[in-house]
Amino acid sequence: MRPVDIQPAFFLVSNMVRRILFYLIIAVGVLCVFLTLLSLLYNTRFWFLKVIDFPREQTLVACLICLVAFVAINRRWVTSAVLLVLGLIAAAALLASIILPYTPFWPKAAPDAGTAAASRANTVSLVVANVLMKNRNADGFLHIVDEANPDMVLAMETNKWWAGHLESLKERYPYTILYPLDNTYGMLLYSKLPYIRFLEHDSVPSFQVEAKLPGGSWFILHAVHPVPPVPSPYPDNIRKEGQKEVVLLKIGEMVAAHVAPTVIAGDFNDVAWSSTSRLFGQKSKLNDVRVGRGFYNSFNAHSFIMRWPLDQIYVSSHFRVLELKRLSKYGSDHFPMYVQLVLQPPAGD
């Protein structure tokens with residue numbers, strides 16, 4: 001019997017796979033370019049445009065992979081092929097320019113504090129954590145708090161179950177604001193520092209406290225957890241006229257009206273580089289502690305790839321950053337964030 005010649009079949013399958021891969025690269029590349037251009041449209045009436053802001057890191061990686069793969073595989077450099085390459089280059093450059101400030105290659109918006117400048121009298125540390133209401137690993141969260149030993153703990157998405165299981169924190173944190181809710185917008189604030197407190201809104205609360213450091217200086221802490229950029233029944237997201245309303249921008253205008261040392265922290269339900277976040281930084285004249293330090297992606301703790309910086313911390317120019325880190329996961333879909341700040345008024349204040 002003559003041996004079966006498998007070479008023609010092999011090359012036929014190989015060419016078919018190559019063709020499928022080629023068209024897949026084109027489809028993904030065109031999608032990346034389209035989504036990048038679409039994300040430039042800032043319109044709060046269409047929530048899905050804001051959601052496109054989230055995966056800019058992932059879209060940048062996809063653009064680069066498609067660009068390299070297409071150049072390697074393509075054999076016919078017709079006009080459409082050149083346009084795709086130019087589109088991928090432009091999209092990658094645009095995405096890189098947006099997320100570059102959130103890397104160590106960018107100057108720090110909130111300067112570092114020298115260890116010599118820090119003392120217990122003018123230093124405050126804070127843990128910011130969205131615990132995930134259905135998560136039941138309260139012991140894991142308490143262990144993280146014990147290890148970090150911050151001056152203040154802000155726990156979000158907390159209901160009565162969480163308030164009960166975090167009761168032991170009151171022994172070390174005698175100053176508290178407890179506002180548990182079953183709609184995933186409950187917040188609990190525990191503090192070693194004395195403060196004057198204010199509370200806003202029933203269904204989507206935000207806290208404002210004037211806290212006193214051991215050295216006698218005061219600063220303002222705004223704790224926020226606004227609704228995400230998707231359709232929501234909660235009133236801080238939709239105006240009666242039907243137009244989108246962003247609670248962060250209102251807080252930013254309020255903060256800009258005074259010159260007191262200020263910290264704003266919480267689960268913003270929005271990425272650090274979104275149009276809303278950047279407008280908030282401009283209006284409030286506060287500095288994002290991530291800028292110049294890294295992404296510190298805090299969500300989603302359950303996914304290795306689809307992660308974004310949603311839990312954010314902004315500070316006024318009075319503060320220097322002594323330490324910033326992402327803490328361990330414990331069952332929530334958010335990583336806790338830890339920051340240690342030094343109150344150091346700028347020269348001339």
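Taking only the C-alpha atoms of the stretch 65-118, the Rg (one decimal) and the largest Cα-Cα distance, Dmax (whole number), read 19.4, 63 Å. Amide H contacts of Asp151: Ser125, Leu126, each under 5 Å away and 5 or more positions distant or on a separate chain (H built 1.01 Å from N in the peptide plane; Pro and chain starts excluded). Residues considered: Glu323, Glu157, Glu147. Largest GNM mean-square fluctuation over the chain, using C-alpha springs under 10 Å, is found at Glu147.
Against the main long axis of the alpha-carbon atoms of the chain, helix 79-99 sits at an angle near 10°. Scanning the chain for chymotrypsin sites (Phe, Trp or Tyr not before Pro) that sit in a DSSP loop and have at most 15 other Cβ atoms within 10 Å, the longest stretch containing none of them is 106-303. Computed over every Cα-Cα pair of the stretch 51-176 and binned at 10 Å starting from 0, the pair-distance distribution P(r) comes out as 9, 24, 19, 21, 14, 10, 3, 0 percent. 3J(HN,Hα) couplings calculated from phi for the stretch 253-269 with the Karplus curve 6.51 cos²θ - 1.76 cosθ + 1.60 (θ = phi - 60°) are, in sequence order, 5, 5, 5, 5, 7, 10, 10, 6, x, 9, 10, 10, 9, x, 7, 6, 6 Hz; Gly and Pro show x.
Proximity of backbone amide H atoms, modeled 1.01 Å from N, is registered between Thr158 and Leu181, Gly186, Met187 at under 5 Å, excluding neighbours fewer than 5 places apart on the same chain. Think of the chain as a dipole: +1 on every Lys or Arg Cβ, -1 on every Asp or Glu Cβ, centred on the Cα centre; then among Ala90, Val153, Tyr23, Tyr23 lies furthest on the positive end. Whole-Hz Karplus values for the stretch 277-291 come out as 5, 5, 5, 4, x, 5, 5, 7, 6, 9, 10, 7, 5, 6, 4 Hz, taken residue by residue from phi with 6.51 cos²θ - 1.76 cosθ + 1.60 and θ = phi - 60°; glycine and proline positions read x. Could you run the Karplus curve 6.51 cos²θ - 1.76 cosθ + 1.60 with θ = phi - 60° over the stretch 69-76 and give me ³J(HN,Hα) per residue in whole Hz, x for Gly and Pro? 3J(HN,Hα) across the stretch 69-76, in whole Hz: 5, 5, 4, 6, 8, 5, 10, 10.
The region of the chain that goes longest without hitting one of the trypsin sites (Lys or Arg not before Pro) in a DSSP loop, each with at most 10 other Cβ atoms within 10 Å, is 77-238.
Its Cα centre serving as origin, the chain has a Cβ charge dipole (Lys and Arg +1, Asp and Glu -1) of approximately 1000 debye. Put simply, the amide H of Trp106, placed in the peptide plane, has neighbours under 5 Å in Gly292, leaving out anything fewer than 5 places away on its chain.
Bear in mind these aren't lab numbers, they're just calculated from the coordinates by the rules spelled out. Please read these numbers as outputs of a predicted model, since none were measured by experiment. Backbone-built Cβ (ideal geometry, glycine too); neighbour counts: all protein chains shown.
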